[in-house]
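For reference, the structure discussed in these notes is given below.
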Amino acid sequence: MLSRATLICSLLTILAIAIAPANAEESKTALFKVVTVKDEIVIGLSADELKTLGGGDASAIAHALAQKGDLTVWQYNVHRGQNGELQMAPTAKIGLLANASLRVEPYSTSYVILSHP
């Protein structure tokens, strides 16, 4: 039979494993493609930033942009990390204008996504 201490350690380990992915998901940066009159750019927003805008999807960003007229966001581009692997990294804090933006859509990538400051 398992001792009480072993059982408690096992339960705590299971609990820690169950909580860890949830915390990682909360701090994850979500990427979106913004299609403008001239080009397309990729932006990244944290879970807190998305919550501030009123949702976690592209329509919340589009609605906030239309309502406010402009948004300040981080632009993301592909860069090489220190180990040589490709990753999506924040490159500049930019302003989006509602009258120049035609569409906001989710953006997926197989690269590692770095968080912005």
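Could you list, in sequence order, the residues of the stretch 68-102 that are assigned to a strand (DSSP E or B), within 22 Å of Gly54 (Cα to Cα) and either of a type in the set (A, V, I, L, M, F, W, C) or touching a residue at least 60 places away in the same chain (Cβ under 8 Å) (or both)? Hits for the stretch 68-102 are Leu71, Val73, Trp74, Ile94, Leu96, Leu97, Ser101, Leu102. One residue stands out among those in the stretch 103-117 that are in a loop (DSSP other than H, G, I, E, B) and within 11 Å of Leu31 (Cα to Cα): the one that is least open to solvent (accessible area, probe 1.4 Å), which is Thr109.
Which one is least open to solvent (accessible area, probe 1.4 Å) among residues in the stretch 82-102 that are farther than 13 Å from Leu31 by Cα and under 18 Å from the mean Cα position of the chain (by Cα)? Steps first, answer last, please.
From the stretch 82-102, those farther than 13 Å from Leu31 by Cα are 82-86, 91-102; that's our starting set.
Narrowing further to those that are under 18 Å from the mean Cα position of the chain (by Cα): 86, 91-96.
Details: Leu86: 60, Thr91: 60, Ala92: 37, Lys93: 132, Ile94: 35, Gly95: 61, Leu96: 8 Å².
Ranking the qualifying residues of the stretch 82-102, first place goes to Leu96.
Name every residue in the stretch 44-68 that is in contact with a Leu (Cβ under 7 Å, 6 or more places away or on another chain) and open to solvent by less than 30 Å² (accessible area, probe 1.4 Å), in order of residue number. Residues satisfying the conditions are Gly44, Ala60, Ile61, Ala64, Leu65.
The values are calculated or read from the model by the stated rules, or taken from the named source; none is laboratory data. These numbers were taken from a predicted model, which means no experiment stands behind them. Note that we place each Cβ from the backbone using ideal geometry, even for glycine, and neighbour counts take in every protein chain shown. Note: accessible area is taken over every heavy atom of the protein model, side chains too, but ligands, DNA and RNA are not part of it. Shrake-Rupley method; radii C 1.70, N 1.55, O 1.52, S 1.80 Å.
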